[in-house]
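Okay, so here's the structure we're looking at.
The values are calculated or read from the model by the stated rules, or taken from the named source; none is laboratory data. Keep in mind the model is a prediction, meaning the values are calculated, not measured. Positions of Cβ are generated from backbone atoms using ideal geometry, with glycine treated the same way; all protein chains shown enter the neighbour counts. For the accessible areas, the whole protein counts, side chains as well, though only heavy atoms, and no ligand, DNA or RNA atoms are used. Shrake-Rupley method; radii C 1.70, N 1.55, O 1.52, S 1.80 Å.
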Amino acid sequence: MVHSSRRRNFNKKKGHEPRENKWRDDRDAPGNQGYREVLKENEKYWEYYKQQNVFPLEQFDEFKAALQRDLPVSFRFQGCHKDREQLIHEMENRFFGKIVEAEDTAVCVPKSLPWYKEAYQTPMSRTAVRSHPILAQLHNFLVTEAELGNLSRQEAVSMIPPLLLAPTSEHYVLDLCAAPGSKTTQLLEMIHENDENPKGMVIANDVDMKRCYMLIHHTLKRFRTAACAVTCEDAARFPQIADSDGGLIQFDRVLADVICSGDGTLRKNPEIWKKWTPQDGLGLHRMQIAIARKGAQHLKVGGRMVYSTCSMNPIEDEAVVAQLLRDSKGSLKLVDTSKMLPELKRENGVNQWKVFDRDMKLYNSLEDISEEKMKKVIVPSLFPPTEEEAKEMNLHYS
Ligand SMILES: C[S@@+](CC[C@H](N)C(=O)[O-])C[C@H]1O[C@@H](n2cnc3c(N)ncnc32)[C@H](O)[C@@H]1O
């Protein structure tokens, strides 16, 4: 099992379209102007993350400043490798030289991500990219290619889980919480990479019927494949599936990109600045465990599962993985991914964290619960592992 946490993904629900596949800046739409005026402060949030040690404290100011900046633009070329290379070549030849020649310090040429060469990022925000005259042609090109399905506007960290899963054309892949489907598409590309008719397939599941519709009619319609099936089930109860001979299918790869507080998505979901409390993570913890557990049950012996969230909260990340390992009694082990994507800057996982409630009251153990109603919220699996457990679990793996 691979634990991929601390990704900052962006999934604002909007209309009927999968946001991650859109290029236009919806925040500029009439009626959405309020987004710009959000005060990018939340004292509980800052205090909570100062206490959790998920990154060195001396980086706190940098962390805060990064969350308060606009989200940098990133996009990924889709399709088979030949088409991708041709399109990348075209983009670089047609636009990059002109941008460099303009010598405008406000404009940055998109750069290929060191850990994913088909993906590009520029520190400029979407609004800046859209509005700068030197970038107008590049912007139009990106919009057109996104509409043709050759390019996906996807936040860089959202690209990591499929890369760590690394399915091949032989693999059966279960994507438990798939909509709107940017990772599903990436997984499909990978199983098609060297094989037009792969033996393997992706089952893309989501509990939300409308989001399944988006997945099928917006995301997957641009991807010609016979190797994908969409199901609409509660992932925590995902049923056994039988093949044509009646044998039960176990999956080589499972992605549990679970529902979460999204507290790593502040840059794209500004309403979180106003609303966030530690309760957001507490309330989802049991559901996250249930989904991850079901994913593990569907995994083949020797298979690989990635558990991922858009949160940096150890309650939503390490605590869930710890409970999964505890429950598995040695059948699951955490994989050290430090040798995969070596250019990706990352922090190690943590073995220790603190449990706070909505009002930032600290609970060191279950004995600290004084109110009856909190017994349902503060559950044993929220607490960090004992020293002995920690030695076995390797939650520090990056
Ligand atoms: C973080 S989003 C997934 C993003 C998606 N993997 C992607 O890359 O585009 C979480 C998804 O989980 C779905 N979800 C929430 N609870 C679920 C459940 N019990 N079973 C299956 N899906 C669930 C939501 O509808 C939402 O689409």
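At 24 angstrom or more along the helix axis (alpha-carbon based) and mean Kyte-Doolittle of -0.5 or higher, what helices does the chain contain? Whole DSSP H runs only.
Span-like helices in the chain: 279-297.
Per-residue accessible area for K111 at 1.4 Å probe radius, Å² rounded to 10?
Roughly 150 Å² of K111 is accessible to a 1.4 Å probe.
Over the chain, with a Gaussian network built from C-alpha contacts below 10 Å, which listed residue (P380, P278, P123) shows the highest mean-square fluctuation?
The residue that fluctuates most here is P380.
In the range 162-195, which residues have a backbone nitrogen under 15 Å from the label point lying 7 Å from D243's Cα in the Cα-to-Cβ direction?
Under 15 Å, as judged by backbone N against the label point of D243, lie 169-174 of the range 162-195.
Using +1 at the C-beta of Lys and Arg and -1 at the C-beta of Asp and Glu, which of A256, Y307, L151 has the Cα lying farthest in the positive direction of the dipole of the chain?
L151
Determine the calculated [θ] at 222 nm for the chain from helices alone, applying -39500 (n - 2.57) to every DSSP H run no shorter than 4 residues and normalising by the residue count; nearest 500 deg cm²/dmol.
-8500 deg cm²/dmol
Can you list the lysines whose alpha carbon is less than 21 Å from that of K361, not counting same-chain residues fewer than 8 positions off?
K361 reaches K44, K50, K274, K275, K373, K375, K376.
Between the range 74-98 and the range 304-321, what is the separation of their alpha carbon centroids in Å?
33
Could you tell me the extents of the chain's C-alpha atoms along the three principal axes, largest first, rounded to whole Å?
64, 58, 39
Ignoring ligands, DNA and RNA, what percent of the accessible area of the range 303-393 is carbon or sulfur (1.4 Å)?
The C+S portion of the solvent-accessible surface of the range 303-393 is 49 percent.
Mind checking the per residue accessible area of the chain for me, 1.4 Å probe, whole number of Å²?
Dividing the accessible area of the chain by its residue count gives 48 Å².
Please report, as a whole percent, how much of the solvent-accessible surface of the range 33-131 comes from carbon and sulfur atoms (probe radius 1.4 Å).
50
Taking all protein chains as present, what is the carbon and sulfur share of the accessible area of the range 219-289, in % to the nearest whole number, probe 1.4 Å?
Exposed carbon and sulfur together represent 48 percent of the surface.
Once both labels are modelled 7 Å past Cα along the beta-carbon direction, what's the D336-K376 spacing in nm?
4.3
Could you work out the relative contact order of the chain? I mean the mean sequence separation of Cα pairs under 8 Å and 6+ apart, divided by the number of residues, in percent.
Result for the chain is 23 percent.
Quick one: of the DSSP bridges fully inside the chain, what percent are antiparallel, nearest 5?
If I count the DSSP bridges inside the chain, around 40 percent turn out antiparallel.
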